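Below is one structure; the comments refer to it alone.
The values are calculated or read from the model by the stated rules, or taken from the named source; none is laboratory data. Note that the structure is predicted; figures quoted are calculated from it, not measured. Neighbour counts are summed over all protein chains in view; Cβ atoms, including those assigned to glycine, are modelled from backbone coordinates with ideal geometry. Ligands, DNA and RNA are excluded from the accessible area calculation, which covers all protein heavy atoms including side chains. Shrake-Rupley method; radii C 1.70, N 1.55, O 1.52, S 1.80 Å.
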Amino acid sequence: MILEGKKITVGITGGFTAYKAADIIGWLKSAGAQVQVAMTASACQLMSPLMLQVLSGNPVATEVMDSSGRWKASPHIALAECDLYILLPATANILAKAAHGIADEIVSASLVANHAPVLCFPSMNVHMYENPATQSNLQLLQQRGWTVVAQSSGRLVDDAQIETAIMEFFRRSQRLEGKKVIVSAGPTYEFIDSVSFVGTRGSGKMGYAVAEAAAAAGAEVVLVAGPVALGDPHGIRVKHVVSAAEMEAAIAEEYGDADIVIMAAAVADYRPQQAVDHKLKKGLAQRQLDMVLTPDILAGLGRQKGGRLLVGFAAETDNLEQYAKGKLAEKNLDLVLANNVSQEGAGFDVDTNILTAVTADNIEYFPKMSKKAAAEQIIALVAELLDQRDK
Ligand code: C5P
């Protein structure tokens, strides 16, 4: 059973649907999960913590400062040690606090300490839900990776939908379990002298989102990143490189036991033939730069493919499908994600992308979506391709 042994924290806030959490906690326990519960003061007024202690089989946290000695660590830290944090029901108040990092009672404090994915079930009056502050808090939390399951009226979804969302989360989180995935991201810089370079455009946002989605699907992820202005994602091994040659070497070190490679990096196609190790003086009115091809990393991996699954990107400005198909065959790939970089909302620097997924026997067009959502689609496609192959 998919929930067996999973560590789940349930944060209950003071919506009048708080009683629903009792049924869900009972269901989680019967499915074999280990459940910890935190309740705000208003949730305690609506429902007895003792009832949830009996249902969950664990002490229920109601205060940040707890002198009972029932917790190994501080309650909010112990609650944050989980595979999934469920917020049920979530009031407008807890969403506002979570969006802004306020930690003034046990549920909000445990959310600030929490690193695990959050599944959030809002429950409130329609006007509170539609309030722009609530909507923008929800948007912010979703951008940070929260999954929100709500009705458009703000009312809590029914028990079956809550259970499906929880099961679906764990199904998704195991899709790439046991697989090693290498993801490349960002641009490469090819040095002319010790201070100047030629390079590509690339923020690394797409590759970082793919690495995070692969990790969320249970894979061991190595992220090989060119020079980007992004912080290392939590729980992912990152190898920082600068040039195409360094990227090739870093990937080669990891390739032996890898199952999947997703090349989202915008690798420079050419580098200066000779990089000098000092700063060139600017005396000349004109200067010529001899350029040579960089290694095509992905094509090289394709030649030693074995049983691995290889995924490439194709940034084009015209004839998208045709070029993508060509790349699939030439580089011996399983999937090419093509984007038209001349389209608004696709490609470099922006937070969204418009992808066309090309495999040997299918072409799928995705609408404009956040790079995070696009990354999840890519991981779903990769998981499908693996399943098809293993059949
Ligand atoms: O041939 P093209 O550069 O358009 O192919 C793009 C795909 O190949 C991307 O996935 C990119 O990361 C990869 N690539 C590579 N090494 C290069 C150039 C591109 O791995 N030198």
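Pairs are defined by a Cβ separation below 8 Å, a sequence spacing of at least 6 or placement on different chains, a first member in region 256-278 that is in the same structural domain as residue 310 (by TED's automatic domain parsing) and aromatic (Phe, Trp, Tyr), and a second member that is near the ligand (Cβ under 10 Å from one of its atoms) and open to solvent by 50 Å² or more (accessible area, probe 1.4 Å); the pairs so defined are 270/293.
Against the numbered list (1) modelled with pLDDT of 95 or more; (2) open to solvent by 80 Å² or more (accessible area, probe 1.4 Å); (3) closer than 26 Å to residue 145 by Cβ, residue 304 comes up short only at (3). Taking region 101-110 as the range and being open to solvent by 20 Å² or more (accessible area, probe 1.4 Å) and either in contact (Cβ under 8 Å) with a residue 24 or more places away in the chain or not assigned by TED's automatic domain parsing to the domain that holds residue 28 (or both) as the test, the residues that pass are 103, 105. So which residues in region 232-252 are within 16 Å of the ligand (Cβ to nearest atom) and of a type in the set (A, V, I, L, M, F, W, C), if there are any at all? Residues satisfying the conditions are 241, 242, 244, 245, 247, 249, 250, 251, 252. Is region 306-325 home to any residue that is in a helix (DSSP H, G or I) and among the basic types (Lys, Arg)? Within region 306-325, one or more residues are in a helix (DSSP H, G or I) and among the basic types (Lys, Arg).
A single member of 285, 229, 217 is small (Gly, Ala, Ser) and either within 16 Å of the ligand (Cβ to nearest atom) or more than 22 Å from the chain's Cα centre (by Cα) (or both), and it is 285. Candidates 116, 98: the one that is more than 22 Å from residue 47 (Cα to Cα) and crowded, with 24+ Cβ neighbours inside 10 Å is 98.
Within region 253-272, being away from the ligand (no atom under 12 Å from the Cβ), under 20 Å from residue 313 (Cα atoms) and of a type in the set (Gly, Ala, Ser) holds for one residue alone: 258. Scanning region 297-356 for residues that are of a type in the set (Ser, Thr, Tyr) and within 12 Å of the ligand (Cβ to nearest atom) yields a count of 2.
Screening region 167-240 for strands (runs of 3 or more DSSP E) wholly inside it with 2 or more residues that are surrounded by fewer than 24 Cβ atoms within 10 Å (Cβ to Cβ) returns the ranges 189-191, 197-199, 220-225, 237-240. Beta carbons closer than 7 Å, at least 6 apart along the sequence or on distinct chains, never pair a first residue in region 358-372 that is assigned by TED's automatic domain parsing to the domain that holds residue 144 with a second that is of a type in the set (Phe, Trp, Tyr) and at pLDDT 90 or above.
Here residue 61 does not fit the description of being modelled with pLDDT of 95 or more and open to solvent by 10 Å² or more (accessible area, probe 1.4 Å).
Name the one entry in 116, 73 that is at pLDDT below 95 and touching a Cys at 6+ places or on another chain (Cβ under 6 Å). On inspection, the qualifying residue turns out to be 116. Residues of region 262-289 that are β-branched (Val, Ile, Thr) and in contact with a Gly (Cβ under 9 Å, 6 or more places away or on another chain): 262, 267. Filtering 6, 72 for residues that are touching a residue at least 40 places away in the same chain (Cβ under 8 Å) and more than 18 Å from residue 149 (Cα to Cα) leaves a single hit, 6. Scanning region 134-166 for residues that are in contact (Cβ under 8 Å) with a residue 40 or more places away in the chain and surrounded by fewer than 16 Cβ atoms within 10 Å (Cβ to Cβ) yields 140, 143, 145, 159.
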